[in-house]
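First the structure, in the form of structure tokens, and then the observations on it.
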Amino acid sequence: MPTLPDFVFLVLIYFAGSAYCQFGYSTAEQKRWAVDFPQCGGSSQSPIEIYTGSVIPAFIPRLKLYGYDWPLPFPVILKNDGKTADVSSLNTDVTRYPHLAFLNSLYRFVGFHFHWGKNQKGSEHVVNGKSYPVELHIVHRNVKYSESQALNFQDGLLVLGIFFEVSSVDNPNLYSVTNYLRYIRAENATTTISTHCSLGGLLGSLNINKFYTYQGSLTTPPCSETVTWIVFANILNISHRQLNEFRQLIGTDGKIIRNYRHLQPLNGRPVYVRSGSKWRG
Ligand SMILES: *[C@@H]1O[C@H](CO)[C@@H](O)[C@H](O)[C@H]1NC(C)=O
Ligand SMILES: *[C@@H]1O[C@H](CO)[C@@H](O)[C@H](O)[C@H]1NC(C)=O
Ligand SMILES: [Zn+2]
């Protein structure tokens, strides 16, 4: 019965976090992902490069966000998990979670985290050859699945990807994260975000009406191909000072200087663009 223990193990490592999930971001380490986690060698992997000249315009209804302006259920714990700064251990007694409706599915918010790098790189998705210094991922799970089931279904998760560009002035909407990063520099350190923190507050004035969407995977092992991606065309700002707070976090191999995955082949998957009611090809 080799398959059952393997499967249980993969689910366990994902939900137990980085403790049992040994992977690194150097080129040599990324080549090993598919060896240690076979799904990372699949044909519908993320991230991808988006070419705006070849995306397919589609009539896609608006994203409907529910509870994005509510304060996240307290305590909101920010953790340095050795790979990223992550908010996901939410108070599970609370029933008022933010939700999102997309096409025919309803998804519940489960957490958010960041990817970053240096030298203008850092985002996982790339648009027309351009990388951004930071990409925020807001992860949602389809309400029809439990936490342990979601990774077995193609429509298990929906992740919002938001790019940030470096600006000279701080983005105050990010203070509820960046002001707390100094308290979680050590690997596994946690802190409680004591100021008001809502998803809508993080996104500020982001225009959510234009986005790219495609079917892909988690960008960290086990790379399950269960993610509907929504990558927004609109870009937010982050200052150098704020970006630098992310780069002070310490992981297993010293400072987390980069934590983005290499681009993955599209393999013929369609990438759609929603651009409001007026769109052109
Ligand atoms: C962080 O936690 C993991 C899992 O408990 C452990 O393996 C690792 O050694 C910890 N790192 C530090 C620096 O404590
Ligand atoms: C980002 O910063 C630029 C200047 O660097 C400014 O023109 C732009 O309006 C800012 N965008 C947002 C969303 O604040
Ligand atoms: Zn991510």
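Observations
- Most mobile listed residue (Thr226, Thr192, Thr27) in the chain, GNM with C-alpha springs under 10 Å: Thr27
- Neighbourhood charge, 12 Å Cβ-Cβ cut-off, centred on Arg62 and excluding it, Lys, Arg +1 and Asp, Glu -1: +3
- Each residue of segment 96-107 was assigned a 3J(HN,Hα) from its phi angle through the Karplus expression (A = 6.51, B = -1.76, C = 1.60, θ = phi - 60°), giving 8, 9, x, 10, 9, 10, 9, 6, 9, 10, 10, 10 Hz with x at Gly and Pro.
- Sum of -39500 (n - 2.57) over DSSP H runs of 4+, divided by residues of the chain (222 nm, nearest 500): -4000 deg cm²/dmol
- Highest GNM mean-square fluctuation among Phe59, Phe164, Phe109, for the chain modelled with Cα contacts below 10 Å: Phe59.
- Ignoring aspartates and glutamates fewer than eight residues from Lys64 along the same chain, the ones with Cα atoms less than 20 angstrom from its Cα are Asp155.
- A viscosity of 0.692 mPa s and a temperature of 37 °C, combined with the Kirkwood radius over C-alpha pairs in the Stokes-Einstein formula, give the chain a diffusion coefficient of 171 µm²/s.
- Karplus 3J(HN,Hα) series, Hz, for segment 197-202 with 6.51 cos²θ - 1.76 cosθ + 1.60 (x for Gly, Pro): 9, 10, 5, x, x, 5
- Projecting label points 7 angstrom from Cα along Cα→Cβ for Thr52 and Phe153 puts them 3.5 nm apart.
- Across the chain, Cα pairs under 8 Å and at least six residues apart give a relative contact order of 27 percent.
- Across segment 118-123, rounded Karplus estimates of 3J(HN,Hα) from the backbone phi angles (6.51 cos²θ - 1.76 cosθ + 1.60, θ = phi - 60°) give 9, 6, 6, 9, x, 6 Hz, Gly and Pro being marked x.
- Look at the Cα gyration tensor of segment 199-281: its axes a ≥ b ≥ c give a/c of at least 1.5 with a/b at or below b/c, and that counts as oblate.
- Nonpolar atom fraction for the chain, defined as the carbon and sulfur part of the 1.4 Å probe accessible area, stands at 54 percent.
- Share, in percent, of DSSP beta bridges within the chain that are antiparallel, nearest 5: 80 percent
- Accessible area per residue in Å² at 1.4 Å probe, computed on the chain: 47 Å²
- Cut-off 12 Å, label 7 Å out along Cα→Cβ of Ile235, residues of segment 128-143 by amide N: 128-135
- Of the residues Arg108, Arg269, Arg185, the one that moves most in a GNM of the chain with alpha-carbon contacts below 10 Å is Arg269.
- The mean sequence distance of close C-alpha pairs (under 8 Å, at least 6 residues apart), as a share of the length of segment 168-281, puts its relative contact order at 32 percent.
- Most tightly packed first, judged by the mean number of other beta-carbon atoms within 10 Å of their residues, the peptides 29-39, 228-238, 131-141, 168-178 read 131-141, 228-238, 168-178, 29-39.
The values are calculated or read from the model by the stated rules, or taken from the named source; none is laboratory data. If you're wondering where the values come from, they're calculated on a predicted model, not measured in any experiment. Methodologically, a virtual Cβ is constructed for each residue, glycine included, from the backbone with ideal geometry; neighbour enumeration extends over all protein chains shown. Surface accessibility is based on the protein's heavy atoms, side chains included, excluding ligands, DNA and RNA. Shrake-Rupley method; radii C 1.70, N 1.55, O 1.52, S 1.80 Å.
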